[in-house]
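Visitor: I'd like to ask you about the structure that follows.
The values are calculated or read from the model by the stated rules, or taken from the named source; none is laboratory data. For clarity, every value in this text was computed on a predicted model and none was experimentally measured. Note that we place each Cβ from the backbone using ideal geometry, even for glycine, and neighbour counts take in every protein chain shown. Ligands, DNA and RNA are excluded from the accessible area calculation, which covers all protein heavy atoms including side chains. Shrake-Rupley method; radii C 1.70, N 1.55, O 1.52, S 1.80 Å.
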Amino acid sequence: MRVLAIGMFLVAVTAAAPASAQLSRAMREFSGTSPAPIRGDIRLPAPLNPTVERSASVSREVRDIRNDIRTGRESGQLSRREARALRREGRRIEAASARYGRDGYSDAEIAMLRSRTEALRSATAAKRSQGLAGK
């Protein structure tokens, strides 16, 4: 009986070895540590300097929001106080972007900048629409 159990164990180990090797190779490829490229990979090439690209994106977004604030102020949709507070938040976002960009952006910093920029955009739109409703 013992000989039969040992024999079955050896057969199982021998059969499982190639499967485990295939599994570990598949996991290496999935994690990106494999030097071989994946056929049909459609990812875009990484930008030469992602810090510049992300910084320009934040600056562009804040500039667009600042133009919305100016338009709202000129049309009377925003009070002077509201416009000043919104512009101040825009400057804070740009300052944070410059501070984070010195040593490169982490994923958390990018998420924070995006959420703050979107919050500023939403606040600007909300205050402008409230200004219209009050007239």
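Visitor: Just one of the numbered conditions (1) out of contact with any Asp or Glu (no Cβ under 9 Å at 6 or more places or on another chain); (2) open to solvent by less than 60 Å² (accessible area, probe 1.4 Å) is not true of Ala96; which one?
Guide: The number of the failed condition is (1).
Visitor: Scan the range 5-15 and give yes if some residue there is over 19 Å from Glu118 (Cα atoms), surrounded by 12 or more Cβ atoms within 10 Å (Cβ to Cβ) and at pLDDT 55 or above, otherwise no.
Guide: No, the range 5-15 contains no residue that is over 19 Å from Glu118 (Cα atoms), surrounded by 12 or more Cβ atoms within 10 Å (Cβ to Cβ) and at pLDDT 55 or above.
Visitor: Within the range 99-111, does at least one residue satisfy the condition of being within 17 Å of Asp64 (Cα to Cα) and modelled with pLDDT under 95?
Guide: no
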